[in-house]
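Working notes, beginning with the structure itself.
Where a number appears in this text, it was derived from the coordinates with a stated rule and is not lab data. What you are looking at is a predicted structure, and each value in this text was computed from that prediction instead of being measured. Please note: Cβ atoms are built from the backbone with ideal geometry, for glycine as well, and neighbour counts cover all protein chains shown.
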Amino acid sequence: MSVNIDDLEHRAAANDCAAQVMLAHRHQNSGRHDLARGWFARAAKGGDVAALRLLAVSLLAQAPMNIGEGMGMIRTAAERGDGEAALLCAAFAGQDSALADNWTIALDYLARAARSGSPQAKAQQRLLMSGGPQIDLTRWLSPAPARALSDAPRIAVAEGFATPEECDFLIARARPELREAEVYDPRGGGGFRASGIRSNSAASFGPVQSDLVMALLRARMARWTGLATEAMEPMSVLHYATGEQFAPHFDFIDPLNRQLADDLAQKGQRQATVLVYLNDDFEGGETEFCDLDLRHRGRKGDALLFWNVTPEGLPDRRTRHAGLPPARGEKWLLSQWIRGR
């Protein structure tokens, strides 16, 4: 049942914490982030620890961002017993390679979140402990052996890069978040837009949406490629229903496009792409390198790495590729773009 906005504002002004949080959500959903933060802050001041976590997430994910203040708030919310805040802290620690002993800290936060009753934390713990009674970080951080499919351009495959349990976990995380897939928009200065060249759907996981399982997977990719996790764009899980496709395209950023000059200067070139095949119970749906007479379709858990640039760092136009449509069934794929800095 919808709550009358005037009544909600009256209750919020009278220091009703529940009303303050509801009002903050309304403002946030309408894009009025400053107003939302004000009400989250009042609810947090009144002792609502969940409101403190929501305020922190706003500061970490919405412009204008304040990373330092947001991180301090999320840690405080975790210390006060908020399981979802502890879960976020686990993901943040795992993504921070500059943090000393970051994986131990991440696992400690994950355990706190699980003890608080967080279903997501318990699901991550079960996955990470699937190989034994304890979490073996060496196992989760070590990439599978790779073999080359092409030397020029550089394309390699690692079989069994992700476990079947990881693949199922990622599909479950992505399914409720799927949206129409977009392409890089040079007119938008580095943003994204819908395009007729792709008909699939996708779910994107930035730092706030990510989790510890994803952080471990990205760290594994970093060890394979030799590129830093901090250079990775938000991870995407792609879904292709029967007949859906991504037409031939390049993943590198065109340096001749003046509208992307600032984006390239700030983030560097998109040097590499890693694809992880999350299922294999479909027909067709290969990754095709259009100018190489090469099509590849991995088994569940296999990963494909291709470098979008030459060893000299120049865009490699031989990497033009397409996501072919499944002829039967649905295809799930993880996509990770990695920048030069």
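Residue separation of Asp168 and Asp34 scaled by 0.36 nm, minus their Cα-Cα distance, works out to 44.5 nm of gained length. Extending 7 Å from Cα along the Cβ direction at Ser130 and again at Gln266 yields two label points whose distance is 3.7 nm. Relative to the longest principal axis of the Cα atoms of the chain, the long axis of helix 119-128 makes an angle of roughly 40 degrees.
The aspartates and glutamates whose alpha-carbon is closer than 19 Å to the alpha-carbon of Lys267, local same-chain residues fewer than 8 away aside, are Asp96, Asp185, Glu230, Glu233, Asp251, Asp254, Glu312, Asp316. Listed by chain and number, the lysines placed with their C-alpha closer than 21 angstrom to that of Lys331 are Lys300; residues fewer than eight positions away on the same chain are left out. Note on the chain: GNM, Cα springs under 10 Å; of Leu294, Leu52, Leu324, the largest mean-square fluctuation is that of Leu294. Seen against the Cα atoms of the chain and their longest principal axis, helix 212-225 is set at about 30 degrees.
Placing unit charges on the Cβ atoms only, positive for Lys and Arg and negative for Asp and Glu, gives the chain a dipole magnitude near 240 debye about its Cα centre. Between helix 17-29 and the chain there is an angle of about 40 degrees, using the helix long axis and the longest principal axis of the Cα atoms. So what's the gap between the Cα centers of the stretch 34-56 and the stretch 216-230, to the nearest angstrom? That distance is 35 Å. Spin-label pair Arg80-Cys290: with each label point 7 Å from Cα along the Cα-Cβ axis, the two points sit 5.4 nm from one another. Highest GNM mean-square fluctuation, the chain, Cα pairs closer than 10 Å: which of Gly313, Gly31, Gly160? Most flexible of the set in this elastic network: Gly31. Putting +1 on Lys and Arg Cβ atoms and -1 on Asp and Glu Cβ atoms, find which of Met129, Ala181, Ala272 reaches farthest to the positive end of the dipole of the chain. Result: Met129. Taking a ≥ b ≥ c as the square roots of the eigenvalues of the Cα gyration tensor, an a/c ratio below 1.5 marks the stretch 142-339 as rounded.
Adding -39500 (n - 2.57) for every DSSP H run of four residues or longer, then dividing by how many residues the chain holds, sets the calculated 222 nm ellipticity at -12000 deg cm²/dmol. The charge dipole of the stretch 142-339, taken about the Cα centre with unit charges on the Cβ atoms of Lys, Arg (+1) and Asp, Glu (-1), comes to about 220 debye, rounded to the nearest 20.
Taking the stretch 245-341, which GluC sites (Glu not before Pro) meet the DSSP loop condition and have no more than 12 other C-beta atoms within 10 Å? Sparse-neighbourhood loop GluC sites (Glu not before Pro): Glu312. A simple spin-label model places the labels of Arg341 and Ala111 4.0 nm from each other, with each point 7 Å out along Cα-to-Cβ. One decimal place: the segment Ala123-Thr310 gains 63.3 nm when fully extended, by the rule 0.36 nm per residue minus the C-alpha distance.
At most 15 other Cβ atoms within 10 Å and a DSSP loop assignment: could you name the GluC sites (Glu not before Pro) in the stretch 49-93 that fit? Mind dumping the intermediate values first?
Details: sites: Glu69, Glu79, Glu84; in loops: none.
In loop regions of the stretch 49-93 (DSSP not H, G, I, E or B), there are no sparsely surrounded GluC sites (Glu not before Pro).
Assuming charge only on the beta carbon of Lys and Arg (+1) and of Asp and Glu (-1), the dipole of the stretch 214-277 about its Cα centre is about 260 debye to the nearest 20. If you average the alpha carbon positions of the stretch 280-314 and of the stretch 140-170, how far apart do those two centres end up, in angstrom? Their Cα centres are 11 Å away from one another.
What is the stretch 1-46 by shape, rounded, prolate or oblate, if you read a ≥ b ≥ c off the alpha carbon gyration tensor as root eigenvalues and call it rounded for a/c under 1.5, prolate for a/b larger than b/c, and oblate otherwise?
Verdict is oblate for the stretch 1-46.
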